[in-house]
């Protein structure tokens with residue numbers, strides 16, 4: 001157990017082969033991984049949203065800053081939103097120096113996560129191919145590769161022959177409508193089991209004293225001194241939150257609610273540059289493992305990876321129409337199938353098992369909105385669009401630092417809400433629009 | 001599939017149209033302060049409920065118009081009819 005400042009309650013059961021065998025032989029139940037406690041009337045900080053971002057924030061508040069009197073509130077169950085709906089891809093090959101430094105730190109944290117949290121997150125560092133089908137796309141790949149190299153991130157542009165060596169099932173001939181001209185190859189990228197990350201953070205935060213409250217919906221954020229109605233808005237400060245289980249007083253509220261971020265921020269009188277769009281994904285029946293890397297095609301709006309069970313997981317771009325409805329559509333499956341077969345004609349006989357969708361909080365520049373807002377004590381970790389999962393560890397770490405110290409850490413300074421006032425946008429569309 | 005009630009072409013698949021997003025009044029260029037432009041350009045209400053939004057019927061009548069849609073259920077309310085100037089954008 002590493003140096004945990006105060007609040008250490010009990011040791012969680014150690015997950016290892018030995019305890020697995022021992023408990024299997026004894027036949028007794030595993031203890032509950034996190035507690036179900038009563039809601040207290042007061043906390044040092046309240047995190048809204050029990051997804052991977054909210055839980056990581058609570059974990060780092062407790063571990064790095066000794067703040068253990070923290071509650072994570074979720075209106076459903078932990079990991080019920082985008083944390084369990086994403087396509088589990090991690091990478092750091094972004095376009096802007098700010099983005100690359102940030103996501104690279106996240107990848108480092110993912111690398112040590114299994115040890116830190118004592119849970120098998122099944123990080124498979126299998127490499128990541130971003131295909132280019134036009135000269136313009138190839139130019140962006142070169143641009144990204146050079147920015148990445150300068151930041152010490154392993155990325156390079158490779159040609160069709162090398163692509164064939166990495167992923168032989170891709171059609172690298174000149175027959176397709178959009179032939180593959182080259183690719184950005186990023187060996188440190190890969191996939192992580194997203195549910196394990198949620199459970200690992202929840203379990204680790206719980207044993208340091210953080211409380212997780214599921215089925216606890218935030219109805220209002222209580223503010224005082226602001227220029228809007230009820231003391232909300234710029235110039236005010238947070239005094240608490242109103243939930244369906246009663247009021248809580250707290251000086252710090254952190255909004256980690258992804259697709260619902262705009263609704264929660266409006267409760268504090270803060271408007272965000274965010275619209276909510278669904279993103280659809282699908283998975284096939286399992287087959288023998290044949291695809292060794294993650295394959296992304298921005299032009300064809302698709303990304304593909306094969307799980308350890310053998311299913312192909314497909315993701316796409318967000319739906320064009322802003323909505324909070326997560327119903328799937330036939331157009332998505334048709335378009336997806338067409339694009340996948342363009343890349344890999346050999347999978348034409350495979351069947352889709354299911355499709356689902358999750359909500360994405362899209363910003364105009366495809367970068368997140370993180371840090372302080374005009375309302376004192378109200379922090380946001382939102383605007384995570386289609387790239388939230390891969391950034392969860394670093395976001396939690398940095399937002400926790402901001403909340404605990406009252407200062408914006410250097411790594412997230414470019415992503416402040418105030419960048420929209422000054423026009424200093426961090427344009428990541430070239431690497432994040434469909435890039436997974 | 002989302003059926004969008006185009007005032008000129010009738011119900012159309014949303015794939016036939018371009019989604020223009022939330023509809024807000026443009027600030028007066030003669031008097032608007034930078035922060036007003038910031039709000040107009042970037043900030044959104046993004047409600048989970050009724051929303052006034054713009055659409056462009058790109059493969060039909062090729063006109064812009066505004067509609068009211070519930071973003072939680074995707075139902076449209078009281079769409080404008082052909083010849084009705086209410087939803088038309090000059």
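The values are calculated or read from the model by the stated rules, or taken from the named source; none is laboratory data. What you are looking at is a predicted structure, and each value in this text was computed from that prediction instead of being measured. Cβ: placed from backbone, ideal geometry, glycine included. Neighbour counts: every protein chain shown.
List of remarks:
- Boolean, residue B:74 is facing another protein chain (nearest Cβ under 9 Å), farther than 25 Å from residue A:369 by Cα, part of a loop (DSSP other than H, G, I, E, B) and at pLDDT 90 or above: yes
- Selected residue (criterion: nearest to the other protein chains (Cβ to nearest Cβ)) from residues of the stretch A:302-312 that are in contact with a strand residue (DSSP E or B) (Cβ under 8 Å, 6 or more places away or on another chain) and either more than 10 Å from residue A:291 (Cβ to Cβ) or at pLDDT below 95 (or both): A:302
- Enumeration of residues in the stretch B:2-37 that are farther than 30 Å from residue B:73 by Cβ and within 13 Å of another protein chain (Cβ to nearest Cβ): B:33, B:34, B:35, B:36, B:37
- Flag for residue B:80 being crowded, with 18+ Cβ neighbours inside 10 Å, part of a loop (DSSP other than H, G, I, E, B) and either away from every other protein chain (no Cβ under 12 Å) or within 13 Å of the chain's Cα centre (by Cα) (or both): yes
- Single condition residue A:306 does not satisfy, out of (1) touching a residue at least 24 places away in the same chain (Cβ under 8 Å); (2) buried (at least 18 other Cβ atoms within 10 Å of the Cβ): (1)
- Qualifying residue in the stretch A:409-419 (condition: assigned by TED's automatic domain parsing to the domain that holds residue A:65, assigned to a loop (DSSP other than H, G, I, E, B) and in contact with a strand residue (DSSP E or B) (Cβ under 8 Å, 6 or more places away or on another chain)): yes
- Annotation: residue A:353 fulfils all but one of (1) surrounded by 23 or more Cβ atoms within 10 Å (Cβ to Cβ); (2) more than 14 Å from chain B (Cβ to nearest Cβ); (3) not in a loop (DSSP other than H, G, I, E, B); the unmet one is (1).
- Some residue of the stretch A:213-224 being away from chain B (no Cβ under 14 Å), under 18 Å from the mean Cα position of the chain (by Cα) and crowded, with 21+ Cβ neighbours inside 10 Å: no
- Residues located in the stretch A:176-187, provided they are surrounded by fewer than 21 Cβ atoms within 10 Å (Cβ to Cβ) and touching a helix residue (DSSP H, G or I) at 6+ places or on another chain (Cβ under 9 Å): A:176, A:177, A:178, A:179, A:181
- Within the stretch A:261-276, being surrounded by 23 or more Cβ atoms within 10 Å (Cβ to Cβ) and either within 14 Å of residue A:358 (Cβ to Cβ) or more than 23 Å from the chain's Cα centre (by Cα) (or both) holds for A:261, A:268, A:269, A:276.
- Some residue of the stretch A:244-251 being under 19 Å from residue A:82 (Cβ atoms), in contact with a strand residue (DSSP E or B) (Cβ under 9 Å, 6 or more places away or on another chain), in contact (Cβ under 8 Å) with a residue 40 or more places away in the chain and crowded, with 18+ Cβ neighbours inside 10 Å: no
- Which listed residue, of A:427, A:423, is out of contact with any strand residue (DSSP E or B) (no Cβ under 6 Å at 6 or more places or on another chain), surrounded by fewer than 21 Cβ atoms within 10 Å (Cβ to Cβ) and on the phi > 0 side of the Ramachandran plot: A:423
- Flag for residue A:334 being part of a helix (DSSP H, G or I) and either touching a residue at least 24 places away in the same chain (Cβ under 8 Å) or surrounded by fewer than 17 Cβ atoms within 10 Å (Cβ to Cβ) (or both): yes
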